Amino acid sequence: MTADLEYQKVCDLDDVWEGEMDVFDVGDNEVLIVHSPGQEIRAFDPTCPHQEFSLADGELENCVLTCSAHLWQFNVLTGEGVNPTGTALKSYPIKIEGDSILVAFPEQKN
């Protein structure tokens, strides 16, 4: 249920232009905001599931994010692996309020 999620402001819409991505710190969390061509905005864990390299230095071309470490590729509209298939980025719920991008992070259990 999305009503129970607690959304936190990550950045403004102007901070990530169409065709760009960036990593932001929000409290104890890091989040990769991707603004794909066509105005779609998505939020992902900024770590590649392959060997936990940062996706911050990856390359975004059209709707495909390529990790700079080992060239794994992901569809940024779905988070699903393009090459190889059968893998996926961890995504976060996102919403836009006014000019702000907000993301809900999973509860962290101690």
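Any read-out appearing in this document is the output of simple, stated calculations on the displayed coordinates, not a laboratory observation. Just so it is clear, the model here is predicted, and its values are computed rather than measured. Heads up, the Cβs are rebuilt from the backbone with ideal geometry, glycines too, and the neighbour counts pull from every protein chain shown.
Amide H contacts of THR87 (H built 1.01 Å from N, in plane; Pro and chain starts excluded): GLY81 sit under 5 Å, all sequence-distant by 5 or more or on other chains.
How about segment 1-57: which chymotrypsin sites (Phe, Trp or Tyr not before Pro) there lie in a loop by DSSP and see at most 16 other Cβ atoms within 10 Å? The partial results should precede the final answer.
Working: sites: TYR7, TRP17, PHE24, PHE44, PHE53; in loops: TRP17, PHE53.
Those that pass, being in a loop and sparsely packed, are TRP17.
Given +1 at the Cβ of Lys and Arg, -1 at the Cβ of Asp and Glu and no other charges, the dipole of segment 2-104 around its Cα centre is 400 debye to the nearest 20. Only one residue of VAL26, ILE101, THR87 has its Cα farthest out toward the positive end of the dipole of the chain, where Lys and Arg carry +1 and Asp and Glu -1 on Cβ, and that residue is THR87. Rounded to the nearest whole Hz, the Karplus-based 3J(HN,Hα) values (6.51 cos²θ - 1.76 cosθ + 1.60, θ = phi - 60°) of segment 52-67 follow the sequence 6, 7, 5, 8, 4, 9, x, 10, 9, 10, 6, 10, 10, 9, 10, 5, with x at glycine and proline.
The string of couplings for segment 78-86 from the Karplus curve (6.51, -1.76, 1.60, θ = phi - 60°) is 10, x, 6, x, 9, 8, x, 7, x Hz, one whole number per residue in order, with x for Gly and Pro.
Partnerless cysteines in the chain, where a partner means another cysteine C-beta under 4.7 angstrom, comprise CYS11, CYS63. Backbone geometry of segment 34-49 corresponds, through the Karplus equation with coefficients 6.51, -1.76 and 1.60 at θ = phi - 60°, to 3J(HN,Hα) couplings of 10, 10, 6, x, x, 6, 6, 10, 10, 10, 9, 4, x, 10, 5, x Hz, x marking Gly and Pro.
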